[in-house]
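Peer 1: Could you have a look at this structure, given as structure tokens, before my questions?
The values are calculated or read from the model by the stated rules, or taken from the named source; none is laboratory data. Quick caveat, the model's predicted, so the values are computed rather than measured. Heads up, the Cβs are rebuilt from the backbone with ideal geometry, glycines too, and the neighbour counts pull from every protein chain shown.
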Amino acid sequence: HAECLPSSQSGQYICDVSPLVLPLLSLSLSTLNMSIVLVALISASIIYALLKFYRFTAKFPPGPFPLPFLGNLHQVDFGPRQFSLFAKKFSGLYTVFVPIPMLEITDYALIKEAFIDHGEDYVERNQLPVLDDILTYCKNGGVINSSGDNWREQRRAALSILRDFGMGRNVMEEKVQRSIEQYLCNLRAQEGKASINMRWPIQIMVANIINEVLFGYLYTVDDCDGLVKFVEQFDDLLQGIASSALLPLATVFPFIRRIPILGYYAVQKHADKMRKVYQYVIDNMDRAMKTYDPEAEPTNFVHAYTQRMSGNSYLDRDNLIQTCTDFFSAGQETTSTTLRWAMLFLAENQPQQDRLREEIHRVIGKERLPAMTDKHNMLYTQATLHEIQRLANILRYNVFRKTHKSTELAGHTIPENMSIHADIHYVMWNDRHFVNPKEYRPERYISEDGASLRKDLVDRTIPFSIGKRSCAGEGLARVELFLALTATIQHYRILPVPGHTIDLTQQPLFIGGPIDQELRVVPV
Ligand code: HEM
């Protein structure tokens, strides 16, 4: 049907197609063109976004290859495998995108370089909005999760009050000894039983120490319902957080917490449990305040802090609630979990237990309570404590830090505001200095001369972390661990229940405790 005609403008021949076909053809041509343009635009945008993403990731120290949007989320699981998954491939430090960039440090020398040599650069906490929703009573309050001037003031005030109460001196030691006497009474009352669960005697002994310091009173074994409830609620919270599939998702995509129902299960459910934990602390504070006298010498932390409020604008009731909660939860679950591990390691390793008891009886005898002055005469006991803390390795994640300015580590630039995870857990179970690290062998810490500890191993045993933000309760914890361990082994032989083996599986929780199990506790 087409007729060739000269073109009116150019004189060239054009094809005259049917008036219906021409518009259709031009339409499909323009649709095709549009599609090509669209595909080209989309491709260009994708390439641009990819270039931008990989230019962004190149700013950080190298690590496992991140996927756009997901980062390394598909490789890291927030459970037992943790972030150290790539430690063997990247020696010492690497970036994991979860999907925000996080620096994982798995080498002791690098943790030391960062937290000691450049301590100020890594002093801030990484406050994730979702975890803040759950864990904090007031924004940037207390000691564990705060940053900046408020952290400095809260930590300084808390440590100064604890020093006034004798932390690092005999007064605190006497408090610990009082609680240990009660604990030994408790064990004595259970003598003759075929087996006992040492969890509650240990938990009450440790909780009583911090309880007396903070609120000024002691629990008795027959009257500790409040404490048992607190511990159960706290355990329930930790268990809920560890087993939640939605919470890590909400941490990465915080908008989830605003979605009805989903937000409740992801965040609010845990926040409600944490409120109950706070209520315990508030009730105890209110009880302590009934005997408060602004003129009198303070006898507990709540009184001392309240007296200091008038001269310091950073000290207020909200921060007091948060600080007491920080010290109460950090101060009892950690030490008691370590001591529970100690009992299991010693039950499993009888020759090492005998050697420990021999030193205790030789230096302290069988009658009097152990004292801190005994410690420097007890090399094997010191080695035992290091080995217990190293092998128990209870904090599966160290508390996260953040750079507050751009800095350098091992020749890499570490940008400002980067999340930092110093993996003390990985160091204590993997550093090559610890030969056969999963074996319980306190002897490893003793030098060839048999008269001193091996400094290279002691340095790498870092359960309290290191640097300006290291554990604020380390001094108290070391007193508790030494006095409680020696008093127990001085009086009792710890054995497995006949017919049962000791289960040393670590629970995959933030505080990696052992499985609850019974032991035979025989007087010596
Ligand atoms: C065996 C027992 C304990 C272990 C293994 C332990 C471990 C730790 C670790 C690893 C940190 C984080 C440090 C960092 O960010 O680098 C920490 C912080 C903290 N611990 Fe402990 N801790 C123990 C006992 C205690 C006790 C008894 C108390 C209180 C009396 C306590 C109070 C604190 C506080 C308040 C912080 C926060 C410090 C800050 O952010 O400035 N801890 N602890």
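Peer 1: Just need a number here: residues in the stretch 400-413 that are buried (at least 17 other Cβ atoms within 10 Å of the Cβ) and in a loop (DSSP other than H, G, I, E, B).
Peer 2: Adding up the residues that qualify gives 2.
Every residue, every condition in (1) over 28 Å from ILE209 (Cβ atoms); (2) in a helix (DSSP H, G or I); (3) of a type in the set (S, T, N, Q), yes or no:
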{"residue": "LEU85", "(1), (2), (3)": "yes, yes, no"}
{"residue": "TYR94", "(1), (2), (3)": "yes, no, no"}
{"residue": "GLU104", "(1), (2), (3)": "yes, no, no"}
{"residue": "GLU120", "(1), (2), (3)": "yes, yes, no"}
{"residue": "GLU153", "(1), (2), (3)": "no, yes, no"}
{"residue": "ALA157", "(1), (2), (3)": "no, yes, no"}
{"residue": "ARG163", "(1), (2), (3)": "no, yes, no"}
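Peer 1: Can you tell me which residue within the stretch 414-450, out of those that are away from the ligand (no atom under 16 Å from the Cβ) and assigned to a helix (DSSP H, G or I), is surrounded by the fewest Cβ atoms within 10 Å (Cβ to Cβ)?
Peer 2: Within the stretch 414-450, the match that is surrounded by the fewest Cβ atoms within 10 Å (Cβ to Cβ) is GLU443.
Peer 1: Moving on to the next point. Considering THR488, THR501, which residue is of a type in the set (Val, Ile, Thr), farther than 22 Å from ASP235 by Cα, in contact (Cβ under 8 Å) with a residue 12 or more places away in the chain and out of contact with any Gly (no Cβ under 6 Å at 6 or more places or on another chain)? Write out each step before concluding.
Peer 2: Working: THR501 fails: in contact (Cβ under 8 Å) with a residue 12 or more places away in the chain.
So the residue among THR488, THR501 that is of a type in the set (Val, Ile, Thr), farther than 22 Å from ASP235 by Cα, in contact (Cβ under 8 Å) with a residue 12 or more places away in the chain and out of contact with any Gly (no Cβ under 6 Å at 6 or more places or on another chain) is THR488.
Peer 1: Being among the basic types (Lys, Arg) and part of a loop (DSSP other than H, G, I, E, B) is true for just one of LYS59, LYS112. Which residue is that?
Peer 2: LYS59
Peer 1: Sticking with this one: Kindly indicate the residue of the stretch 477-506 that is charged (D, E, K, R) and part of a helix (DSSP H, G or I) and also surrounded by the most Cβ atoms within 10 Å (Cβ to Cβ) among those meeting that condition. Quick ask: steps written out before the conclusion?
Peer 2: Start the filter on the stretch 477-506 by keeping residues that are charged (D, E, K, R), which leaves 478, 480, 493, 503.
From what is left, the residues that are part of a helix (DSSP H, G or I) are 478, 480.
On the way: ARG478: 18, GLU480: 28.
Checked the stretch 477-506; the qualifying residue surrounded by the most Cβ atoms within 10 Å (Cβ to Cβ) is GLU480.
Peer 1: Please work out which residue is nearest to LEU391 (Cα to Cα), limiting yourself to the stretch 461-479 and to residues that are more than 6 Å from the ligand (Cβ to nearest atom) and among the aliphatic types (A, V, I, L, M). It would help to see each step written out before you state the result.
Peer 2: Let us first name the residues in the stretch 461-479 that are more than 6 Å from the ligand (Cβ to nearest atom), namely 461-462, 466-468, 474-475, 478-479.
Now drop any that are not among the aliphatic types (A, V, I, L, M), which leaves 462, 466, 479.
Values: ILE462: 11, ILE466: 18, VAL479: 19 Å.
Per the stated criteria, the residue is ILE462.
Peer 1: Among the candidates ILE261, ILE202, which residue alone is hydrophobic (A, V, I, L, M, F, W, C) and more than 30 Å from LEU128 (Cβ to Cβ)?
Peer 2: Working: ILE261 fails: more than 30 Å from LEU128 (Cβ to Cβ).
The unique qualifying residue is ILE202.
Peer 1: If I filter the stretch 269-277 for residues that are in the same structural domain as GLY141 (by TED's automatic domain parsing), within 16 Å of the ligand (Cβ to nearest atom) and at pLDDT 95 or above, do I get at least one hit?
Peer 2: Initial filter on the stretch 269-277 (in the same structural domain as GLY141 (by TED's automatic domain parsing)): 269-277.
Now restrict to residues that are within 16 Å of the ligand (Cβ to nearest atom): 277.
Remaining after also requiring at pLDDT 95 or above: none.
No.
Peer 1: Quick check on my filter: what residues within the stretch 395-412 are among the hydrophobic types (A, V, I, L, M, F, W, C) and more than 16 Å from the ligand (Cβ to nearest atom)?
Peer 2: ALA410, the sole residue that qualifies.
Peer 1: Same structure again: Being in contact (Cβ under 8 Å) with a residue 12 or more places away in the chain and touching an Asp or Glu at 6+ places or on another chain (Cβ under 7 Å) is true for just one of VAL206, VAL130. Which residue is that?
Peer 2: Exactly one of VAL206, VAL130 is in contact (Cβ under 8 Å) with a residue 12 or more places away in the chain and touching an Asp or Glu at 6+ places or on another chain (Cβ under 7 Å), namely VAL206.
Peer 1: Just to check your reading of the model, which residue among THR384, THR373 is hydroxyl-bearing (Ser, Thr, Tyr), assigned by TED's automatic domain parsing to the domain that holds LEU453 and under 22 Å from SER336 (Cβ atoms)?
Peer 2: That would be THR384, the only listed residue that is hydroxyl-bearing (Ser, Thr, Tyr), assigned by TED's automatic domain parsing to the domain that holds LEU453 and under 22 Å from SER336 (Cβ atoms).
Peer 1: Identify, please: which residue in the stretch 132-147 is crowded, with 19+ Cβ neighbours inside 10 Å and part of a helix (DSSP H, G or I) and is, among those, nearest to the ligand (Cβ to nearest atom)?
Peer 2: Of everything passing the filter in the stretch 132-147, LEU135 is nearest to the ligand (Cβ to nearest atom).
Peer 1: Follow-up. Would the stretch 168-184 turn up any residue that is under 27 Å from ARG317 (Cβ atoms), more than 16 Å from the ligand (Cβ to nearest atom), in contact with a helix residue (DSSP H, G or I) (Cβ under 9 Å, 6 or more places away or on another chain) and in contact (Cβ under 8 Å) with a residue 24 or more places away in the chain?
Peer 2: no
Peer 1: Does the stretch 317-368 hold any residues that are surrounded by fewer than 19 Cβ atoms within 10 Å (Cβ to Cβ), among the basic types (Lys, Arg) and within 30 Å of ASN284 (Cβ to Cβ), and which are they?
Peer 2: Correct list: ARG317 only.
Peer 1: Any residue in the stretch 401-413 that is among the hydroxyl-bearing types (Ser, Thr, Tyr), without any contact (Cβ under 8 Å) to a residue 40 or more places away in the chain and not assigned by TED's automatic domain parsing to the domain that holds GLU387? Explain how you work it out, then say what you get.
Peer 2: Within the stretch 401-413, the first condition is being among the hydroxyl-bearing types (Ser, Thr, Tyr), and the residues that meet it are 403, 406-407, 413.
Okay, now just the ones that are also without any contact (Cβ under 8 Å) to a residue 40 or more places away in the chain, so 406.
From what's left, not assigned by TED's automatic domain parsing to the domain that holds GLU387: 406.
Looking for residues that are among the hydroxyl-bearing types (Ser, Thr, Tyr), without any contact (Cβ under 8 Å) to a residue 40 or more places away in the chain and not assigned by TED's automatic domain parsing to the domain that holds GLU387, one finds at least one in the stretch 401-413, hence yes.
Peer 1: Across the stretch 356-376, which residue is nearest to GLN177 (Cα to Cα) among those that are part of a helix (DSSP H, G or I) and under 33 Å from the mean Cα position of the chain (by Cα)?
Peer 2: MET372
Peer 1: Given the options ASP121, ASP164, name the one that is within 30 Å of MET102 (Cβ to Cβ) and away from the ligand (no atom under 12 Å from the Cβ).
Peer 2: Exactly one residue qualifies, and that residue is ASP121.
Peer 1: Working only within the stretch 200-225, note down all residues that are more than 16 Å from the ligand (Cβ to nearest atom) and either in a helix (DSSP H, G or I) or modelled with pLDDT of 95 or more (or both).
Peer 2: Listed by number, the residues that qualify are TRP200, PRO201, ASP225.
Peer 1: Considering only the stretch 302-322, I want to know if a residue exists there that is near the ligand (Cβ under 10 Å from one of its atoms) and in the same structural domain as ILE209 (by TED's automatic domain parsing).
Peer 2: Our first condition is that a residue be near the ligand (Cβ under 10 Å from one of its atoms); within the stretch 302-322, this holds for none.
No, there is no match, as no residue in the stretch 302-322 is near the ligand (Cβ under 10 Å from one of its atoms) and in the same structural domain as ILE209 (by TED's automatic domain parsing).
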